[in-house]
1. By accessible area of protein heavy atoms, probe 1.4 Å, what ranking do Asp43, Asp3 get, highest first?
2. Using a 1.4 angstrom probe with every protein chain in place, what is the largest-first accessible-area order of Leu53, Leu2, Leu39?
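The values are calculated or read from the model by the stated rules, or taken from the named source; none is laboratory data. A quick note: this is a predicted structure, and the numbers were derived from the prediction, not measured. The protein model used for the area step is the full one, side chains on, heavy atoms only, and it has no ligands, DNA or RNA in it. Shrake-Rupley method; radii C 1.70, N 1.55, O 1.52, S 1.80 Å.
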Amino acid sequence: PLDCSVLYLRYNSGRHVSENGRELARLLEVLVAQWPSPLREIDLIGHSMGGLLCCRAVPVTTRRAGPWSGAVCCAA
C-alpha cells in the first residue's frame, strides 16, 4: 500500500476553466495551511476538464509562489 492520502474535488463545470483553476489553487493553499503535518508532495491527477484545471492551477500558484507550488507534481 502507498503511504498517501487521497482527496477528491468536485467543481462547477459551468464556470470557465480559468475560474475553476484559480479556485483550485486557492483550495490547495488552504489545504496546505490546514494539513496536520508538512506535505512532501502533491500529485494532481485530472481527467479531461479536471486535467485542464490542474494545469491552470499550477501556473496561478507558481506566479505567486504559493505554499504548495514546490510540492506539486502535475502531468497532463
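1. These residues rank, largest area first, as Asp3, Asp43.
2. Result, largest first: Leu2, Leu39, Leu53.
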